[in-house]
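**Q** Right, I'll just put the structure down here and ask away after.
The values are calculated or read from the model by the stated rules, or taken from the named source; none is laboratory data. Just so it is clear, the model here is predicted, and its values are computed rather than measured. Here the Cβ positions follow ideal geometry from the backbone for every residue, glycine too, while neighbour counts run over all protein chains shown. Please note that ligands, DNA and RNA were not included when accessible areas were found on the heavy atoms of the full protein model with its side chains. Shrake-Rupley method; radii C 1.70, N 1.55, O 1.52, S 1.80 Å.
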Amino acid sequence: MDNLNSGGGSRTPLISPVPSLLACDVDPSPAEVDLIHSFLAQSQVQMSDIDFEIHQATNLLHRLTQERSELSSLAENHKSLIAPIRKLPPEILAEIFIESLPNSPQGWRADPWHRPLLVAQINRRWRRIALTTPKLW
């Protein structure tokens, strides 16, 4: 972040060289016109510098957002490694899967095949348990 602040922190704000002219309808003198041209050139340079800093900040924000997203995903994957459900024996999980089946043909989504297939898509262990539990099918 220091790179982004290096230009912005040291920039001196521009002040109008002719503030009195901004509030009236008087035409500027030739000397004031030169001052105005100089001011416009300086302001253009500062706006370009600011645009560059905005571009850098946008790129930094995008990179940090991507890094955070990847780290969050990795952390979630690691959380799943210590989830209590992983400690349940296959027999208990199979019973839970069986109990989750609808009691009637008009049950969950009216498709008795849907729930076993859904459970089988969670992870490899659940798939193996679901596929080796005949009561699910």
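**Q** For segment 46-60, how many residues meet the condition of being open to solvent by 90 Å² or more (accessible area, probe 1.4 Å) and either in contact with a strand residue (DSSP E or B) (Cβ under 9 Å, 6 or more places away or on another chain) or not aromatic (Phe, Trp, Tyr) (or both)?
**A** 4
**Q** Can I ask one more? Just checking, does segment 61-79 include any residue being under 17 Å from LEU136 (Cα atoms), assigned to a helix (DSSP H, G or I) and open to solvent by less than 100 Å² (accessible area, probe 1.4 Å)?
**A** No: zero hits.
**Q** I'm told ASP25 meets every condition in (1) within 35 Å of the chain's Cα centre (by Cα); (2) in a loop (DSSP other than H, G, I, E, B) except one. Can you identify the failing condition by its number?
**A** For ASP25, the exception is condition (1).
**Q** Answer with yes or no whether PHE52 is modelled with pLDDT of 95 or more and of a type in the set (Phe, Trp, Tyr).
**A** yes
**Q** Follow-up question, since we're still on this one. What's the number of the condition ILE82 fails, among (1) farther than 30 Å from THR132 by Cα; (2) open to solvent by 80 Å² or more (accessible area, probe 1.4 Å)?
**A** Exception for ILE82: condition (1).
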